[in-house]
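Below you'll find the structure, written out as structure tokens, and then a few comments.
The values are calculated or read from the model by the stated rules, or taken from the named source; none is laboratory data. None of the values given here were measured: they were computed from a predicted structure. Reconstructed Cβ throughout: ideal geometry from the backbone, glycine too, with neighbour counts over all protein chains shown. For the accessible areas, the whole protein counts, side chains as well, though only heavy atoms, and no ligand, DNA or RNA atoms are used. Shrake-Rupley method; radii C 1.70, N 1.55, O 1.52, S 1.80 Å.
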Amino acid sequence: MAVAYFSRRRTRIGHKGVFLFVFVILGVSSLSCAARQPPTSRQKLQVHKHLKRLNKTPVKTIQSPDGDIIDCVHISHQPAFDHPFLKDHKIQMRPNYHPEGLYDDIKVTTESKERDNSIKQLWHVNGMCPEDTIPIRRTKEDDVLRASSVKRYGKKKHTSVPVPRIMPNSADPDLVNESGHQHAIAYVEGDKFYGAKATMNVWEPKIQQSNEFSLSQIWVLGGSFGEDLNSIEAGWQVSPDLYGDNNTRLFTYWTSDAYQATGCYNLLCSGFIQINNNIAMGASISPVSAFRNSQYDISILVWKDQKEGNWWMQFGNGYVLGYWPSFLFSYLADSASMIEWGGEVVNSEPDGQHTSTQMGSGRFPEEGFGKASYFRNIQVVDKDNNLKSPKDIGTFTEQSNCYDVQTGSNSDWGHYFYYGGPGKNPNCP
């Protein structure tokens, strides 16, 4: 069954200090219980049918050192084309437009010289996928069995209910997260956005409970925080329930109805069309940053091709991974109304106390470079397809004694912020 939990997020939505408080109900997409009952014959049959739909016949198979199996599937046979609206879709092999003003990666401090092109995916050591194929992490029976149901595998459970506006002179509601997701983010809103970019260092945060996760990502959002929320998400995550281990993995997510019926992680449903044969969604990335040691970071860019309407994703400096067709969305078919960057964890409150699941490096922002996790060179794409520094950046965290965020700017890193924390500690019991 799913675990339900609640969080309030505060969003400044306009002028004169008017705030909207949104009460978000989320559910853990899967539960790994020590006493999980063995699957029945009927459940196994459902799982095998689902696996047959997900795992396409490969041209080549690569065994990854971490236990993953990477299937090289012909580009025209990928899961996206199970969608009825994509039966006759002509694959767009390159975007019509790339955002202008990509941040000059030569302008970096010597401290941060470990570039994103140093980061590889573990499966690369045993081979690569040929041209005209894409790499897909094979879904195993145990992956699906860890989910709350076959139908919910690879999906978040998330609906949202708006709460009345709180005027500046009234008392703010308690922002402490009752029993769910916690964030440490920077955000911008109040304009039309056509994409976002950031460079983030990669860590392997410790997860206390298998039904918890820790991630760092970009959110591209449209609509309200009600049942019509559109979201495109990309970053790195550690999620034992989804992947069966504690490896740091590249991931994407999308939804057009606040995580109700549409969307999924990676390529676990029809939607995202991948064109790149080098990068596998959901596969482990390596190396990761180490405390007081080398820092490894990745760049992610999501932007809208305003001619075709599709939303594209780029990983690093040269890997254009693919696109989300515009018909998948309602609000994002036009533009985004909010961009968020930052970290998120699940706090299941084991033993009635705050989780010790780490966000980012597990260190607080004030510890700085080499210790804390960061997002740097955060940018947005404007209506003229230019990458610009964001204006009026806000920050949000539910419990700053558990996870926090601190922003800054300089000539090398542009707008940046450090974020994260250890979770449970003497000030966060």
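Rounded if a/c is under 1.5, else prolate if a/b beats b/c, else oblate: with a ≥ b ≥ c from the C-alpha gyration tensor eigenvalues square-rooted, which is region 326-407? The partial results should precede the final answer.
Numbers: a/c = 2.99, a/b = 1.61, b/c = 1.85.
Since a/c reaches 1.5 but b/c is at least a/b, the shape of region 326-407 is classed as oblate.
For the modelled label position 7 Å from the Cα of Asp132 along Cα-to-Cβ, which residues of region 49-81 have backbone nitrogen atoms closer than 11 Å?
74-76
Which residues in region 312-329 have a backbone N closer than 17 Å to a point placed 7 Å from the Cα of Asn278 along the Cα-to-Cβ line?
Answer for this model: 313-323.
Leaving ligands, DNA and RNA out of it, rank Val405, Val125 by accessible area with a 1.4 Å probe, largest first. If you can, show how the numbers build up before the last one.
Working: Val405 15, Val125 105 Å².
Heavy-atom accessible area, descending, gives Val125, Val405.
On the first, second and third principal axes, largest extent first, how far apart are the outermost C-alpha atoms of region 257-316 in Å?
Result for region 257-316: principal-axis Cα extents of 43, 29, 25 Å.
Let me check something: with ligands and nucleic acids excluded, how do His181, His83, His98 order by accessible area (1.4 Å probe), largest to smallest?
On the way: His181 10, His83 40, His98 65 Å².
Output order, biggest surface exposure first: His98, His83, His181.
I need the shape label for region 290-354. Rule: rounded when a/c is under 1.5, else prolate if a/b > b/c, else oblate, with a, b, c from the alpha carbon gyration tensor. List each step's numbers first, then the result.
Values: a/c = 3.34, a/b = 1.48, b/c = 2.26.
Verdict is oblate for region 290-354.
When only C-alpha pairs under 8 Å and at least 6 residues apart count, what is the relative contact order of region 282-429, in percent?
Numbers: 239 pairs, mean separation 30.1, N = 148.
Relative contact order here is 20 percent.
Ranked by accessible surface with a 1.4 Å probe, highest first, in what order do Asp351, Asp68 come?
On the way: Asp351 150, Asp68 10 Å².
Result of the area sort, largest leading: Asp351, Asp68.
How much accessible area does Ile70 have with a 1.4 Å probe, in Å² rounded to the nearest 10?
0 Å²
Please report, as a whole percent, how much of the solvent-accessible surface of region 349-395 comes from carbon and sulfur atoms (probe radius 1.4 Å). Provide the component values of the computation, followed by the final result.
Numbers: 710 of 1940 Å².
Carbon with sulfur: 37 percent of the solvent-accessible area.
So if each residue of separation counts as 0.36 nm, and I subtract the Cα-Cα distance between His98 and His74, what length gain in nm does that give? Intermediate values should be presented prior to the final figure.
Numbers: separation 24, 0.36 × 24 = 8.64 nm, distance 2.57 nm.
Using 0.36 nm per residue and subtracting the Cα-Cα distance, I get 6.1 nm.
Express in Å², to the nearest 10, the accessible area of Phe291 obtained by rolling a 1.4 Å probe over the protein heavy atoms while all chains stay in place.
Approximately 80 Å² of Phe291 is accessible to the 1.4 Å probe.
Tell me, what is the 1.4 Å probe accessible area of Leu45, in Å² to the nearest 10?
100 Å²
Stokes-Einstein at 25 °C, 0.890 mPa s, Kirkwood radius from Cα pairs: D for region 217-369 in µm² s⁻¹? Write out the running numbers ahead of the final one.
Working: Rh = 16.9 Å.
In µm²/s, the coefficient rounds to 145.
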